[in-house]
Amino acid sequence: IEEEQFDIMFRDLKLGPYDGLDVLVKLLKAQPGLAVVMFTAYANIATAVEAIGKGAYEVVPKPFTPDQMRGILAKIEKTRWLQSNVRTLESDLAQAAQARRRGQADLRAAAWYAEALLRLASDDSRGAAAALKAGLKVVDEHAASLGATDMRVHASGLGADLAEEGVRLAIKAGK
């Protein structure tokens, strides 16, 4: 397992001389992204909770059907696709957030909005609120100085997005 990467591993909880939960921990230490599906003929809630707590993707009681396996594989595929998209979006937001201190006012305000979304994604409400406040400040400071009408409209729309996210954050915080 240390020499070759795998996407998915199927392992019985009680097969051979090794305890399945101990093997699970070793597998995930060697390959943290591995989806490990555990099987067991001795299904009980405590064992399933322990296996999931140690990183098993799923615990399946025996006997199982081919349709159950197809369902689990589809779920793993969807989870991986979503994780990949989240990483891409986080990267895009991080790049956008870099522009928050330089450049045109509308781009800086959009960058602060991106920073707020990144903070929200990592459960940093205080940081998100600060980023939203900074973005609104940029919009306020530069709304009047924007020459073209469409630029003023764009800044106004972005200000509304920032304000809306701020209100959502305040409601969530109970303020």
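Tabulated results
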quantity	calculated
Odd one out for residue 36 among (1) open to solvent by 60 Å² or more (accessible area, probe 1.4 Å); (2) out of contact with any Pro (no Cβ under 9 Å at 6 or more places or on another chain); (3) not charged (D, E, K, R)	(1)
Test set (1) at pLDDT 90 or above; (2) over 27 Å from the mean Cα position of the chain (by Cα); (3) surrounded by 11 or more Cβ atoms within 10 Å (Cβ to Cβ) - residue 66 fails condition number	(3)
Answer from 105, 110, 114, 41 - the residue that is closer than 30 Å to residue 135 by Cα, over 22 Å from the mean Cα position of the chain (by Cα) and open to solvent by less than 80 Å² (accessible area, probe 1.4 Å)	105
Elements of type helices (runs of 4 or more DSSP H) in region 33-145, at least 2 residues being closer than 29 Å to residue 22 by Cβ	45-53, 66-97
Long-range neighbours under 8 Å by Cβ, at least six apart or interchain, first residue in contact (Cβ under 8 Å) with a residue 60 or more places away in the chain within region 82-94, second loosely packed, with under 11 Cβ neighbours inside 10 Å	none
Among (1) part of a helix (DSSP H, G or I); (2) over 30 Å from residue 127 (Cα atoms), the one test that residue 2 misses	(1)
Checking residue 145 against (1) surrounded by 12 or more Cβ atoms within 10 Å (Cβ to Cβ); (2) modelled with pLDDT under 70, the condition it does not meet	(1)
Matching residues, region 76-93, being open to solvent by 90 Å² or more (accessible area, probe 1.4 Å) and among the aliphatic types (A, V, I, L, M)	89
Candidate set: region 44-58, residues that are touching a helix residue (DSSP H, G or I) at 6+ places or on another chain (Cβ under 9 Å) and under 20 Å from residue 75 (Cα atoms); chosen: the one most open to solvent (accessible area, probe 1.4 Å)	54
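The values are calculated or read from the model by the stated rules, or taken from the named source; none is laboratory data. Quantities reported herein were computed from a predicted structural model and do not represent experimental measurements. A quick note on method: Cβ atoms are made from the backbone with ideal geometry, for glycine too, and the neighbour counts reach across all protein chains shown. The accessibility values were calculated without ligands, DNA or RNA, using every heavy atom of the protein model including side chains. Shrake-Rupley method; radii C 1.70, N 1.55, O 1.52, S 1.80 Å.
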